[in-house]
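Presented below is the structure to which this report refers.
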Amino acid sequence: MAINQKQVLSLQQKLSPQQIQMIKLLELPTVQLEQRIKQEIEENIVLEEEPQQDETEEPQRISVEEYLKEDDTPSYKSRINNFSKDDKQRPVYLSGGRSLQEYLVEQLGYRSLSERELRLAVYLVGSIDEDGYLRRDLVSIADDIAFTVGIETSPDELERLLRIIHELEPAGVGARNLRECLLLQMEQLPMTSRTRRLARKILTSHFEEFVKKHYEKLIVRLQVSEDDFREALAEIRRLSPKPGNLYSEGGTDATPYIIPDFMLDYHDGRFDLSLNSYNVPEVKVNRRYVEMIRGMVASDGTVRQEDREAIQFVKNKIDSAKWFISAIKQRHDTLMRTMQEILDYQREYFRDGDKSKLRPMILKDIADRTGLDVSTISRVVNSKYVQTHFGIILLKSLFSEAMQTESGEEVSSYEIKTLLQRCIDDEDKRRPLTDETLMDMLNDRGYRIARRTVAKYREMLGIPVARLRKQI
């Protein structure tokens, strides 16, 4: 078959580098945007942070005569002399608290362990996660110790050392499952009451029935009264399923602080919407590089051969800086435009924060009102928060499906979730309502909803099934 060339005309849609940059900036929340701008300032020599204007009050004017007027206060009263001549200024050292692993290793130091046992026990402590559990099997840990530490050990030896770790504080640390964790905590409590002995027996011999909440079977099998069984359950509920949380000296750096992207104030029936750019630096092109290029260009517009490479480098940096500044401004306009339409669409909700007033809203509704694409609206609302007078709201949570009542009226799924939550709160905990019963109750109130939809909304609310909601 002969090889030939032919010309074909085709139409393709591709994103320019500027559009890709704009899309990536649009997805970033406020905190990440601040880091992205600082990163761009470090990478682009032409960009610089614009100094913030000083908004402090103008100092009060004082006349020269008033300033030079003699003061009757003796000079010794205007000096502080609390230090000796021999005193030296000592720096203040800031130190964080100990982590859980450091606290456990410190306790191991008080035990009578050989050097080999201490090294193995420290390795075991390092395998404990932040919840206080040892989630790896001892065989795998023994293999890792042989490869990394160079010590041959057996699971039986590690089991003996693990029992020593189980005696450390906080109670329950080093457990491999929930049952062992609760039993370790029970062992450190004095068995002085019948209730505690019953609670320990439940965890030891009837844990599966306890987890599945087969309370009637347990009462018959243990031959106890409902009151005694209820007190034993209360004793078990006092235990912690995550013993690592009982130790908090070291704190955590993963505390979920939320910085809102929008600020919405409501005063006298009027809304004031603004973009939160308090910590976001404003950038500009350094004029020194622009003047440098102008200085390299002769009066007739020619450039010397040795200066062409430098001019081209600086010109590329200036163009990149202008694109970046333009993308930041476009991001600001897109965010404000989208948030303003969401505010207009859900104005009744933003007045007092009543979720029952939320109108059914999907991404396409806001896309049609703004003239933007649905994917753009999705990027705007993703991981963005708005601060209102009734709390900080995730924008994505304002979007909900539309459900129809028997009268044909459209209501938000939030209204159905609120009603579903109310029905479950008011149920008899001895006989919790099943999903089918909840479906019948909602249908009787005019909401046409299927059982699988009830199950989906219940899971979204974090509510377990009826069997796990049962109480004595």
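Since every read-out is calculated from the coordinates, none of them should be taken as a lab result. In this text the structure is predicted, and so the values were computed from the model without any measurement. Please note: Cβ atoms are built from the backbone with ideal geometry, for glycine as well, and neighbour counts cover all protein chains shown.
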- Spin-label model distance (nm) - S375 vs H389, 7 Å beyond Cα toward Cβ: 4.0 nm
- Qualifying lysines (Cα of each under 29 Å from Cα of K456; at least 8 residues distant if same chain): K212, K213, K242, K355, K357, K364, K384, K396, K417, K429, K470
- Item | Cβ-based exposure ranking for T30, T418, T192, in which fewest neighbours within 10 Å come first | T192, T418, T30
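Compute the FRET efficiency between K24 and E226 as 1/(1 + (r/R0)^6), taking r as their Cβ-Cβ distance and R0 = 60 Å, and round to the nearest 0.05.
Values: r = 61 Å, r/R0 = 1.01.
Efficiency computed from Cβ-Cβ geometry: 0.50.
For the ranges 148-156, 120-128, what's the packing order if you count other beta-carbon atoms within 10 Å of each residue, average per peptide, and put the highest first? Write down the numbers at each step before the final one.
Working: 148-156: 11.8, 120-128: 19.7.
Order by mean packing, descending: 120-128, 148-156.
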- By how many nm would the segment from E49 to K364 grow when fully extended, if each residue of separation counts as 0.36 nm and the alpha-carbon distance is taken off? 109.7 nm
- Query: Measuring from label point to label point, each 7 Å out along Cα→Cβ, what is the Q330 to D344 span in nm?
  - Reply: 2.3 nm
- Query: So how do 419-432, 361-374, 333-346 stack up, highest first, on mean other-Cβ count within 10 Å?
  - Reply: 333-346, 361-374, 419-432
- Hits in the range 1-35: amide N under 17 Å from the 7 Å Cα→Cβ extension of E282, namely 34
- Once label points are set 7 Å from the Cα along Cα→Cβ at both M263 and M292, what is their separation, rounded to one decimal in nm? 3.7 nm
